[in-house]
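Take a look at the structure below.
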Amino acid sequence: MPTKKSPATLALEKAGLPFSTLTFDHDPANHHFGQEAAEALHHEGIDAAQIAKTLLVESDKGLAVAVLPVTHQLNLKAMASALHAKKATMCDPAVAERVTGYVVGGISPIGQKKRLPTVVDSSLSNQEEVLVSGGRRGFDLVLSPETLAQATGALFAPIARHP
């Protein structure tokens with residue numbers, strides 16, 4: 001089956017970086033995107049700790065991207081620290097969509113309209129493969145943490161906390 005194209009897949013192909021894709025049925029009525037992905041991909045034998053969500057934050061340094069396991073919550077103080085900012089807050093969803101070119105629930109850290117500073121939770125660096133949104137709800141990219149960092153210019157830092 002040919003790879004579905006999105007700005008994220010095109011960016012990875014252009015950079016010559018290895019990845020594969022996974023799809024699952026997204027229920028339009030479900031707005032718990034990470035939980036939905038974890039439940040759907042569990043049937044594929046994928047551990048929820050490998051599945052990442054992409055969040056946008058605002059700080060005195062500007063907008064930034066946080067990538068962390070869907071099983072965790074973003075620690076805004078830790079994110080601010082990783083950005084060398086005084087404080088970080090969650091970005092308005094409409095702004096996140098406009099800035100990235102993706103819809104909430106399908107925001108990929110890769111192939112955004114403008115590359116933003118990106119921080120990946122350090123727990124993901126221990127995984128052999130991680131899954132991030134491919135740019136649409138129900139469409140994920142499977143890649144190594146190193147490839148994710150290379151594609152986004154990300155740094156790894158402990159930015160997540162258990163709920």
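The values are calculated or read from the model by the stated rules, or taken from the named source; none is laboratory data. Predicted model, so just to flag it, every value in this text is computed and none were measured. All Cβ positions, even for glycine, are placed from backbone atoms using ideal geometry, and neighbour counts span all protein chains on display. Accessible surface areas use protein heavy atoms only, side chains included; no ligands, DNA or RNA. Shrake-Rupley method; radii C 1.70, N 1.55, O 1.52, S 1.80 Å.
The number of residues in the range 101-136 being of a type in the set (Lys, Arg) and buried (at least 21 other Cβ atoms within 10 Å of the Cβ) comes to 0.
Of all residue pairs spaced 6 or more apart or on separate chains, none has beta-carbon atoms under 8 Å together with a first member in the range 43-66 that is closer than 17 Å to Pro117 by Cα and without any contact (Cβ under 8 Å) to a residue 24 or more places away in the chain and a second member that is open to solvent by less than 40 Å² (accessible area, probe 1.4 Å) and among the aromatic types (Phe, Trp, Tyr). Against the numbered list (1) small (Gly, Ala, Ser); (2) surrounded by fewer than 17 Cβ atoms within 10 Å (Cβ to Cβ); (3) at pLDDT 95 or above, Ala80 comes up short only at (2).
Here is a yes/no grid of residues against (1) within 16 Å of the chain's Cα centre (by Cα); (2) among the small types (Gly, Ala, Ser); (3) at pLDDT 95 or above:
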| residue | (1), (2), (3) |
| --- | --- |
| Lys4 | no, no, no |
| Asn30 | no, no, no |
| Glu36 | yes, no, no |
| His42 | no, no, no |
| Gly45 | no, yes, no |
| Val57 | yes, no, yes |
| Ala66 | yes, yes, yes |
| His84 | no, no, yes |
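The criterion of being within 16 Å of the chain's Cα centre (by Cα) and hydroxyl-bearing (Ser, Thr, Tyr) does not hold for Thr89.
Results for (1) touching a strand residue (DSSP E or B) at 6+ places or on another chain (Cβ under 8 Å); (2) among the charged types (D, E, K, R); (3) within 23 Å of Ala154 (Cα to Cα), shown as yes or no for each residue.
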{"site": "Thr9", "(1), (2), (3)": "yes, no, yes"}
{"site": "Lys14", "(1), (2), (3)": "no, yes, yes"}
{"site": "Thr21", "(1), (2), (3)": "yes, no, yes"}
{"site": "Ala49", "(1), (2), (3)": "yes, no, yes"}
{"site": "His72", "(1), (2), (3)": "yes, no, yes"}
{"site": "Lys87", "(1), (2), (3)": "yes, yes, yes"}
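Give me a count of the residues in the range 74-85 that are touching a strand residue (DSSP E or B) at 6+ places or on another chain (Cβ under 6 Å), of a type in the set (A, V, I, L, M, F, W, C) and in contact (Cβ under 8 Å) with a residue 40 or more places away in the chain. The number of residues fulfilling the criteria is 3.
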